[in-house]
Amino acid sequence: MDRRILGRIMQAADVTVDDIVVEIGPGKGILTRELAGTETEIVAIELDDVLSISLQLEFQSQPNVRIIHADARDVDIASLVAVDRSYKIVANLPYYAALPIVRRFLEAEHKPSLMVFMVQREVARNMTAEPGHMSLLSVATQLYGSARIVASVPPKAFRPAPKVTSAIVRIDVFDSPAVELDSIDLFFTLVRAGFSAPRKQVHNCLQHGMGISRAVAERMLLDSDIDPRRRPQTLSVEDWGRLYQASGRQTADM
């Protein structure tokens, strides 16, 4: 990885000696070495057997670095960081598992305070999209934190060069979701229905996605101060929150 990119990741993460950093997918340890130089406490999670052993050997003399051989998609977070301690995620995520990993930590009871990671640029754009370009992934990310792209990363920054452009994303994680919800699962059932046909007007999406009548769908939207003719990609997280509350009222009245 290009050292300028390492610098952008470190700058975005704003790592201090008092932090606990969880690194996911350290691989050959390029970012791990940079983090270790800050003397902060580092917990690096590596799935690959060979790489995990290699990292343990390399960092065995550095007491501030702990290598965990595990899958970040299902690792017990309490085994990484005590529940009363704040921590940051800093990672060059494996692209095939990036979304499950991000979701795992954002939805965890013990969430990080900050996440800085590298993913494919299109994924980064979806995560950080504004109303007008929103997607299910945008809502699923921005419900839990304020997300922005720090920098684009061209293929030439890596050896060997991948076929895709990457991007560094920073998420400042909220203490609680951006909107008040009594059921995260039911909220995302609604949002998935809303994005079931993104090119259609949102009342049509809700009708077909939720199996409700046009009248009920339109009443939910009007009760939420949302024009039924809008497209789902124009709705903000706050719009979806109001719509969720209205859907509960409609269900109660039926």
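The values are calculated or read from the model by the stated rules, or taken from the named source; none is laboratory data. Quantities reported herein were computed from a predicted structural model and do not represent experimental measurements. When we count neighbours, we look across all protein chains shown, and the Cβ atoms used for this are built from the backbone with ideal geometry, even at glycine. Calculation scope for accessible area: heavy atoms of the full protein, side chains included, ligands and nucleic acids excluded. Shrake-Rupley method; radii C 1.70, N 1.55, O 1.52, S 1.80 Å.
Return the pairs, sorted by first residue and then second, in which the second residue is part of a helix (DSSP H, G or I) and not aliphatic (A, V, I, L, M), the first residue lies in segment 54-80 and is open to solvent by less than 60 Å² (accessible area, probe 1.4 Å), the beta carbons are less than 6 Å apart, and the residues are 6+ apart or on different chains. Here the result reads Ile67/Gln56, each pair linking segment 54-80 to a residue that is part of a helix (DSSP H, G or I) and not aliphatic (A, V, I, L, M). Going through segment 4-51 one residue at a time, which ones are in contact with a Pro (Cβ under 7 Å, 6 or more places away or on another chain), open to solvent by 10 Å² or more (accessible area, probe 1.4 Å) and of a type outside the set (Asp, Glu)? The one that is in contact with a Pro (Cβ under 7 Å, 6 or more places away or on another chain), open to solvent by 10 Å² or more (accessible area, probe 1.4 Å) and of a type outside the set (Asp, Glu): Gly25.
Considering segment 152-174 alone, what residues qualify as being surrounded by fewer than 17 Cβ atoms within 10 Å (Cβ to Cβ) and either in contact with a His (Cβ under 8 Å, 6 or more places away or on another chain) or hydrophobic (A, V, I, L, M, F, W, C) (or both)?
As a first pass, look at segment 152-174 and keep what is surrounded by fewer than 17 Cβ atoms within 10 Å (Cβ to Cβ): 152, 154-156, 158-165, 172, 174.
If the condition is that a residue be surrounded by fewer than 17 Cβ atoms within 10 Å (Cβ to Cβ) and either in contact with a His (Cβ under 8 Å, 6 or more places away or on another chain) or hydrophobic (A, V, I, L, M, F, W, C) (or both), then Phe158, Ala161, Val164, Phe174 are the ones that fit.
Put simply, of Ile212, Ile171 the only residue that is among the β-branched types (Val, Ile, Thr) and in a loop (DSSP other than H, G, I, E, B) is Ile212. Listed here are the helices (runs of 4 or more DSSP H) enclosed by segment 19-124 that have at least 2 residues being among the small types (Gly, Ala, Ser) and touching a strand residue (DSSP E or B) at 6+ places or on another chain (Cβ under 8 Å), and there are none. Considering (1) out of contact with any Leu (no Cβ under 7 Å at 6 or more places or on another chain); (2) of a type in the set (Ser, Thr, Tyr); (3) in contact (Cβ under 8 Å) with a residue 12 or more places away in the chain, the lone condition that Tyr144 does not fulfil carries the number (1). On the basis of being under 19 Å from Ile5 (Cα atoms), touching a residue at least 24 places away in the same chain (Cβ under 8 Å), open to solvent by less than 40 Å² (accessible area, probe 1.4 Å) and of a type outside the set (Asp, Glu), does Phe105 make the cut? Judged against the criteria, Phe105 is not a match.
Scanning segment 138-166 for residues that are in a loop (DSSP other than H, G, I, E, B) and within 26 Å of Gly27 (Cα to Cα) yields Pro154, Phe158, Arg159, Pro160, Ala161, Pro162, Lys163, Val164, Thr165. Selection within segment 125-137: residues that are assigned to a helix (DSSP H, G or I) and either in contact with a Ser or Thr (Cβ under 7 Å, 6 or more places away or on another chain) or free of Cβ contacts under 8 Å to residues at least 24 places away in the same chain (or both). The member of this set that is most open to solvent (accessible area, probe 1.4 Å) is Asn126.
Against the criterion of being modelled with pLDDT of 95 or more, open to solvent by 20 Å² or more (accessible area, probe 1.4 Å) and in a helix (DSSP H, G or I), Arg230 does not qualify. Would you be able to say whether some residue in segment 94-102 is at pLDDT 95 or above, buried (at least 16 other Cβ atoms within 10 Å of the Cβ), in contact with an Asp or Glu (Cβ under 8 Å, 6 or more places away or on another chain) and not aromatic (Phe, Trp, Tyr)? So far as segment 94-102 goes, no, none of its residues is at pLDDT 95 or above, buried (at least 16 other Cβ atoms within 10 Å of the Cβ), in contact with an Asp or Glu (Cβ under 8 Å, 6 or more places away or on another chain) and not aromatic (Phe, Trp, Tyr). Screening Asp19 against (1) under 20 Å from Val169 (Cβ atoms); (2) in contact with a helix residue (DSSP H, G or I) (Cβ under 6 Å, 6 or more places away or on another chain); (3) of a type in the set (D, E, K, R) leaves a single unmet condition, (2). If you go through segment 175-198 one residue at a time, do you hit one that is without any contact (Cβ under 8 Å) to a residue 60 or more places away in the chain, open to solvent by 20 Å² or more (accessible area, probe 1.4 Å), within 29 Å of Gln120 (Cα to Cα) and more than 26 Å from the chain's Cα centre (by Cα)? Checking segment 175-198: not a single residue is without any contact (Cβ under 8 Å) to a residue 60 or more places away in the chain, open to solvent by 20 Å² or more (accessible area, probe 1.4 Å), within 29 Å of Gln120 (Cα to Cα) and more than 26 Å from the chain's Cα centre (by Cα).
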